[in-house]
Amino acid sequence: TITITVNPLPVVTTTTTASSICIGGNSIILASGASTYNWMPGNLNGASVIVSPISTTTYTVTGTSAAGCVNTATITITVNPFPVVTATSSSATVCAGTSVTLTGGGAATYTWDNNVMDAVSFVPTATTTYMVTGTDANGCVNTASTTVTVNPLPIVTATSSSASVCTGGS
């Protein structure tokens, strides 16, 4: 007689620190349930690897048990583009003391520099380039800027040919 031991296939599972990232971001993908792991694409080895895909990618991990049995699992990392953020001004050029409103576009939320609030009017004191940071629903961030030119008020003078006149005089 001979005894043949049938070893079970490893139950390979995957998890990630971030299943959705922005272009240029990274995620840690993790595998468990086996002794050794090989990830494709990339031919990466280990139970935990850092990946920086440039487009949405499905990774397949091959897990091998101590007995040499093999099984696979997959995980997808979604890569989101940066939002196309715009910065607009109600007026590109104003006279000193005149208000303007800056508005961001192309994202979900906006943060302006120089204490400017999105879509709230204010009075700029000098010619300034304002930068807005827009964040989309995926948490991806991009920036845009707009310049508001502030022209000084003219200096007006008034003169007279005579400081005083008699009634009927010119």
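The values are calculated or read from the model by the stated rules, or taken from the named source; none is laboratory data. A quick note: this is a predicted structure, and the numbers were derived from the prediction, not measured. When we count neighbours, we look across all protein chains shown, and the Cβ atoms used for this are built from the backbone with ideal geometry, even at glycine. Note: areas computed on protein heavy atoms with side chains; ligands, DNA, RNA excluded. Shrake-Rupley method; radii C 1.70, N 1.55, O 1.52, S 1.80 Å.
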- [ ] Sort by residue number and name the cysteines in the chain that have no neighbouring cysteine Cβ under 4.7 Å.
- [x] Cys69, Cys95, Cys166
- [ ] Could you please report the charge total around Thr143, scoring K, R as +1 and D, E as -1 over all other residues with beta-carbon less than 14 angstrom from its beta-carbon?
- [x] -3
Task: Difference of contour (0.36 nm per residue) and Cα-Cα distance, Asp113 to Thr57 - done: 16.6 nm
Open item on the list: If you count only protein heavy atoms with a 1.4 Å probe, what accessible area per residue comes out for the stretch 1-153, rounded to a whole Å²?
Closed with: 56 Å²
Task: Phi-based couplings in Hz for the stretch 146-156 (Karplus 6.51, -1.76, 1.60; Gly and Pro marked x) - done: 8, 10, 10, 8, 10, 8, x, 5, x, 8, 9
Open item on the list: What distance in nm separates the two pseudo spin-label positions at Asn151 and Thr93, each 7 Å out from Cα along the beta-carbon direction?
Closed with: 0.5 nm
TODO: Just subtract the alpha-carbon distance of Thr64 and Met131 from 0.36 nm times their residue separation and send over the number in nm, one decimal.
DONE: 18.9 nm
Open item on the list: Apply the Karplus curve 6.51 cos²θ - 1.76 cosθ + 1.60, θ = phi - 60°, to the phi angles in the stretch 38-43 and return the couplings in whole Hz, x for Gly and Pro.
Closed with: 9, 9, 10, x, x, 6
